[in-house]
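The structure appears right after this line, and notes come after that.
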Amino acid sequence: MKIFARIVLIAVVAVIVLAALVFVWGMQRTIDVSTPEARAQQMEAMVLGCKVRMPEVLKKAQTTTALQPAQMDQACTCAVNRVIDTYSVDGKLKPSDVSEEQSDAAELACIKELTAQ
């Protein structure tokens, strides 16, 4: 039984280390957003991440704005476009070059534009 427990422990630690390595690799790789297809695919992933973080961003900004799902889609699409347009160099985007504060600022600016209309 002890041997089985050791094997399970080693496997769990190996999985955690591999997940950390994949995460670090993912944050350091350069993403190509130069073609419309690549940009659309990257935007889809970034919009999903934006929607997941939206309640936290709104809470951090201490706004009482409540957004409907359609408004959240518009705000996130706007924010992702801003981030890609601002931080991509020659059609390449590196996730580690965009800080959380910068993406939050883009989201808040788009929310303010959306709610001002």
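The values are calculated or read from the model by the stated rules, or taken from the named source; none is laboratory data. No experiment lies behind these values; they were computed from the predicted model shown. Positions of Cβ are backbone-derived with ideal geometry, glycine not excepted, and every protein chain shown enters the neighbour counts. Quick note on the areas: whole protein, heavy atoms, side chains included, nothing else; ligands and nucleic acids left out. Shrake-Rupley method; radii C 1.70, N 1.55, O 1.52, S 1.80 Å.
Numbers for the structure displayed
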{"item": "Residue in segment 37-57 that is farthest from residue 106 (Cα to Cα), counting only those that are among the β-branched types (Val, Ile, Thr) and buried (at least 17 other Cβ atoms within 10 Å of the Cβ)", "result": "47"}
{"item": "Leading residue by the ranking (farthest from residue 35 (Cα to Cα)) among those in segment 85-98 that are among the β-branched types (Val, Ile, Thr) and either open to solvent by 60 Å² or more (accessible area, probe 1.4 Å) or in contact with a Leu (Cβ under 9 Å, 6 or more places away or on another chain) (or both)", "result": "86"}
{"item": "Close pairs (8 angstrom Cβ cut-off, 6 or more residues apart or separate chains): within 17 Å of residue 86 (Cα to Cα) and free of Cβ contacts under 8 Å to residues at least 24 places away in the same chain in segment 30-54, open to solvent by 60 Å² or more (accessible area, probe 1.4 Å) and part of a helix (DSSP H, G or I) anywhere", "result": "none"}
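Results for (1) touching a residue at least 12 places away in the same chain (Cβ under 8 Å); (2) surrounded by 14 or more Cβ atoms within 10 Å (Cβ to Cβ); (3) in contact with a Phe, Trp or Tyr (Cβ under 7 Å, 6 or more places away or on another chain), shown as yes or no for each residue.
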site	(1), (2), (3)
59	no, no, no
73	yes, yes, no
83	yes, yes, no
100	no, no, no
113	yes, no, no
116	no, no, no
